[in-house]
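Where a number appears in this text, it was derived from the coordinates with a stated rule and is not lab data. Computed from a predicted structure; not experimentally measured. Because the Cβ atoms are built from the backbone with ideal geometry, glycine has one as well, and the counts that use them run over all protein chains shown.
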Amino acid sequence: MYAQENQIGWGNAGSLSDAIDTGDFISAEHKLYFFSYRLIRQMGSITELNREYDRVFTMSLRNGKSYRVGMIMEYEPTADSIRTFWDQFGPIDIAWNINPNGSPTQQAINAGLELGCEVVKWEELKQLMRSS
């Protein structure tokens, strides 16, 4: 109830249960997204970071630009996975494919462009943050 009333998004019952057990709703994270979110938190070019859901956050950069980022776990995201994510979590500026072993399909990249977002891997996202 606390998470719902305070508009805190959770990916599954396990993450919510961990937060309840520890009493720490602010820093509890879904295990699938923990490492990627930690990478983002360590970037010095980010001036503000707000997590909206276990896999969606907004980051503000030193240059004043702000991006809403969705973390996509699929091995090789497809156009359908990008569109489904968009439908479920709302518009994003960047769809970040966090699975280190795969890459987004060209159809996923095209679907992102049609929706108005970039579909990227870590190196591309890191470059975007560093160039700001």
- [ ] Would you kindly work out the equivalent ellipsoid of segment 81-132 from its C-alpha gyration tensor and give its semi-axes, the square roots of five times the eigenvalues, largest first in whole Å?
- [x] 18, 13, 10
TODO: Return the loop-located chymotrypsin sites (Phe, Trp or Tyr not before Pro) in segment 75-110 (DSSP other than H, G, I, E, B) with at most 14 other Cβ atoms within 10 Å of their own Cβ; answer none if there are none.
DONE: 75
TODO: Place a +1 charge on the Cβ of each Lys and Arg in segment 53-132 and a -1 charge on the Cβ of each Asp and Glu, then give the dipole magnitude about the Cα centre in debye, rounded to the nearest 20.
DONE: 420
Task: Per-selection Kirkwood Rh - segment 33-95 (Cα, Å, 1 d.p.) - done: 12.3
Open item on the list: Along the Cα→Cβ direction, 7 angstrom out, place labels at residue 62 and residue 47. What is the inter-label distance in nm?
Closed with: 1.1
Task: Within segment 114-131: backbone nitrogen closer than 14 Å to the residue 76 label point (7 Å, Cα to C-beta) - done: none
